[in-house]
Ligand SMILES: [Ca+2]
Ligand SMILES: [Ca+2]
Ligand SMILES: [Ca+2]
């Protein structure tokens, strides 16, 4: 038994020695000059692995224009050199949640045909670069497919809408104003009341 142990110890020494030697031999080449370029990278996704992590600028100037069965989105062209495209987000609520309705949009323009009359849609867009970095959100905007003055979306401008309207009376700097800013100037004033009354009891 002792002999065997002694023999095995020898074995270990003999067997491990070459490895230890190998390690001491390979180490210097690693520490030579710290040149990372000699480390093999294989066929991995070198492009994405070495791509930048700087996202593009957020798109600006987003507008949403409602038409018949369509909302047309337009915004300014990004000037990022490594721009790959844009991503369009939409929600049917001012506060979200927003979900992606279009990706890899090549131009600063998008037509949303998947819309329903009587709805209000809220949008923002982001820019994506070739390393798949996503910008922060553009300023949000919205498009209404309701008749003007129909704040609750039941296809008529009536007392219920007037009640909602008065709740936001004289609000300022509200980008949607719960629908009460009918003129789109981010404030609820007599101008909006006039639009509401013009469409009073309108029934398409
Ligand atoms: Ca554009
Ligand atoms: Ca209504
Ligand atoms: Ca207004």
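General observations
- On the stretch given as the range 116-139, residues that are buried (at least 17 other Cβ atoms within 10 Å of the Cβ) and farther than 18 Å from residue 55 by Cβ total 4.
- Residue count for the range 184-204, restricted to those that are surrounded by 17 or more Cβ atoms within 10 Å (Cβ to Cβ) and closer than 21 Å to residue 95 by Cα: 2.
- Of the numbered criteria (1) under 28 Å from residue 88 (Cβ atoms); (2) out of contact with any strand residue (DSSP E or B) (no Cβ under 9 Å at 6 or more places or on another chain), the one residue 160 fails is (1).
- Taken across the range 148-166, residues that are within 24 Å of residue 76 (Cβ to Cβ) and surrounded by fewer than 17 Cβ atoms within 10 Å (Cβ to Cβ) do not occur at all.
- The C-beta contact set for the range 89-102 (first residue on the phi > 0 side of the Ramachandran plot, second residue assigned to a strand (DSSP E or B), distance under 8 angstrom, 6+ apart or interchain) comprises 96/122.
- Count of residues meeting criterion [loosely packed, with under 15 Cβ neighbours inside 10 Å, farther than 17 Å from residue 132 by Cα and modelled with pLDDT of 95 or more] in the range 93-115: 6
- Unique residue being within 16 Å of ligand 3 (Cβ to nearest atom) and in contact with a strand residue (DSSP E or B) (Cβ under 7 Å, 6 or more places away or on another chain) when the list is 172, 128: 172
- Residue 139 vs. criteria touching a residue at least 60 places away in the same chain (Cβ under 8 Å) and in contact with a strand residue (DSSP E or B) (Cβ under 9 Å, 6 or more places away or on another chain): yes
- A count restricted to the range 55-75 and to residues that are over 21 Å from residue 117 (Cβ atoms) and surrounded by fewer than 12 Cβ atoms within 10 Å (Cβ to Cβ) stands at 0.
- Among the residues making up the range 131-148, those that are within 16 Å of the chain's Cα centre (by Cα) and more than 16 Å from ligand 3 (Cβ to nearest atom) are 131, 132, 133, 134, 135, 136, 137, 138, 139, 140.
- Yes/no for residue 144 being within 16 Å of ligand 1 (Cβ to nearest atom) and crowded, with 20+ Cβ neighbours inside 10 Å: no
The values are calculated or read from the model by the stated rules, or taken from the named source; none is laboratory data. These numbers were taken from a predicted model, which means no experiment stands behind them. Here the Cβ is made from the backbone with ideal geometry for all residues, glycine too, and neighbour counts use every protein chain on show.
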